[in-house]
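In what follows, a structure is listed as structure tokens, so that the remarks can point back to it.
The values are calculated or read from the model by the stated rules, or taken from the named source; none is laboratory data. Small disclaimer: the values here were computed from a predicted structure and weren't measured. As a convention, Cβ positions derive from the backbone with ideal geometry for all residues, glycine included, and neighbour counts pool all protein chains shown. Just the protein is used for accessible areas: all its heavy atoms, side chains included, with ligands, DNA and RNA removed. Shrake-Rupley method; radii C 1.70, N 1.55, O 1.52, S 1.80 Å.
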Amino acid sequence: MILHKPILFSAIQPSGNLTIGNYIGTMRYWSSMQENYDCLYCIADLHALTTAQKNRLNLKKSILDTLSLYLASGVDPNKSIIFIQSHVHEHSQLNWILNCFSEFSELFRMTQFKQKRKIAKNAIQKINTALFNYPILMAADILLYQTNIVPVGKDQKQHIELTRNIAHRFNSLYGDIFTLPESLISEYGSKIMSLLEPKKKMSKSDINKKNVIYLLDDMHSIIKKINNAVTDSEIPSKIYYDIENKPGISNLLEILSAITNQDITILLKELEGVMYSEFKKIVIDSISKFLYNLQKSYNNYRCDETYLKKIAYEGAIKAQFKSKKTLKRVYDILGIMTLN
Ligand code: AQP
């Protein structure tokens, strides 16, 4: 009997330069998870279209940058499927079907939509319907592969619950067609905050670049950004984890803990009596070392576009093969006539 590993799906939209938040929230687990799961790592380019025009994004470049970062973070194309969402048309096809099983009111409750709508309203921008609908495409991304587990940051938890609801609704009508996925959210590091506004999530599309550490930032920028990061005015200054009253320090602690792979409680013992300026030096030192290694590996992959395109091509073939199976079952059960 062949024992199958559970299926893991994870994606990032190439809507700009990836941040240390994207890495800590999801990518840092990807390499080790390849051992225990059948992993699909997707570059969600169709999702990036919701904001691409506004951000004047060079999508092709951003896709190849993202793919190189996936490889640099330890994803192995011989162990996992790495693919670009738009290369697998089944995502868009299942998206439409799932739209027919989703409710306007449940999408309207999505916190991320409310926040993005508020930002757009303040900037007097028009909001496209894709920004409203994208959680359904995300549900299609996940359900196509009969996914068991989805590692995500805290901001995506609600979308995984929506995915489960849509799958459950469909299954109650037609039988067990979709696997109900679980989200995997770590206790620390699942919501890295902005450096200057530590009550706001760090996001790649933030217009204030000083809020964000990008994975491809140069060392000079990192020093500047961390030195300017907001702390607090507690006297005497003391380093401890308190997300409500010390959001700046707690955020830096979460970043340090994630990239050094050390427990916050252990870090706190080492940081007893350390001044904020000294603490920032430690954070800068650790981030610089971590990013130096990541960027070195990134540069090796990024300069070989032929190799990157080969990885994307082979990944697409494998992902198409898997997704076609689910889509065929869905079409059959709905009575949609196929040609073969
Ligand atoms: N700040 C964060 N802390 C922890 N996890 C985060 N993620 C994003 N930001 C943080 C997680 O990264 C994964 C991929 O996210 P995404 O790029 O597909 O979408 P997003 O959540 O909208 O990310 P951004 O950076 O905020 O992008 P923009 O600015 O384009 O909207 C997800 O699992 C997410 O939780």
Residue within the range 300-313 that is more than 27 Å from T231 (Cβ to Cβ), in contact with a Cys (Cβ under 9 Å, 6 or more places away or on another chain) and modelled with pLDDT of 95 or more present: no
Among (1) open to solvent by 30 Å² or more (accessible area, probe 1.4 Å); (2) of a type outside the set (V, I, T); (3) assigned by TED's automatic domain parsing to the domain that holds G21; (4) within 28 Å of D232 (Cβ to Cβ), the one test that G153 misses: (1)
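For G25, are the conditions met, namely being within 16 Å of the ligand (Cβ to nearest atom) and part of a loop (DSSP other than H, G, I, E, B)? Outline the logic, then answer.
Numbers: within 16 Å of the ligand (Cβ to nearest atom): yes; part of a loop (DSSP other than H, G, I, E, B): no.
When the stated conditions are applied, G25 does not pass them.
Among the listed residues A140, A130, identify the single one that is within 15 Å of the ligand (Cβ to nearest atom), open to solvent by 20 Å² or more (accessible area, probe 1.4 Å), under 20 Å from the mean Cα position of the chain (by Cα) and of a type in the set (A, V, I, L, M). Before the answer, list the steps.
Details: A140 fails: open to solvent by 20 Å² or more (accessible area, probe 1.4 Å).
Every option except A130 fails the conditions.
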Within the range 205-229, tally of residues that are open to solvent by less than 30 Å² (accessible area, probe 1.4 Å) and within 9 Å of the ligand (Cβ to nearest atom): 2
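This table checks each residue for (1) open to solvent by less than 10 Å² (accessible area, probe 1.4 Å); (2) farther than 25 Å from E161 by Cα.
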residue	(1), (2)
I63	no, yes
V88	yes, no
Q93	no, no
L98	yes, no
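Where residues in the range 294-323 are among the charged types (D, E, K, R) and farther than 13 Å from D65 by Cβ, which of them is surrounded by the fewest Cβ atoms within 10 Å (Cβ to Cβ)? Working first, answer last.
Residues of the range 294-323 that are among the charged types (D, E, K, R), as a first pass: 296, 302, 304-305, 309-310, 314, 318, 322.
This time we only want the ones that are farther than 13 Å from D65 by Cβ, so: 296, 304, 309-310, 314, 318, 322.
Values: K296: 10, D304: 12, K309: 13, K310: 12, E314: 15, K318: 16, K322: 18.
The extreme case among them is K296.
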Unique residue being modelled with pLDDT of 95 or more, more than 7 Å from the ligand (Cβ to nearest atom), in contact with a strand residue (DSSP E or B) (Cβ under 9 Å, 6 or more places away or on another chain) and under 25 Å from L195 (Cα atoms) when the list is I20, I12, I43, I7: I20
Residue in the range 136-148 that is hydroxyl-bearing (S, T, Y) and within 11 Å of Q112 (Cβ to Cβ) present: no
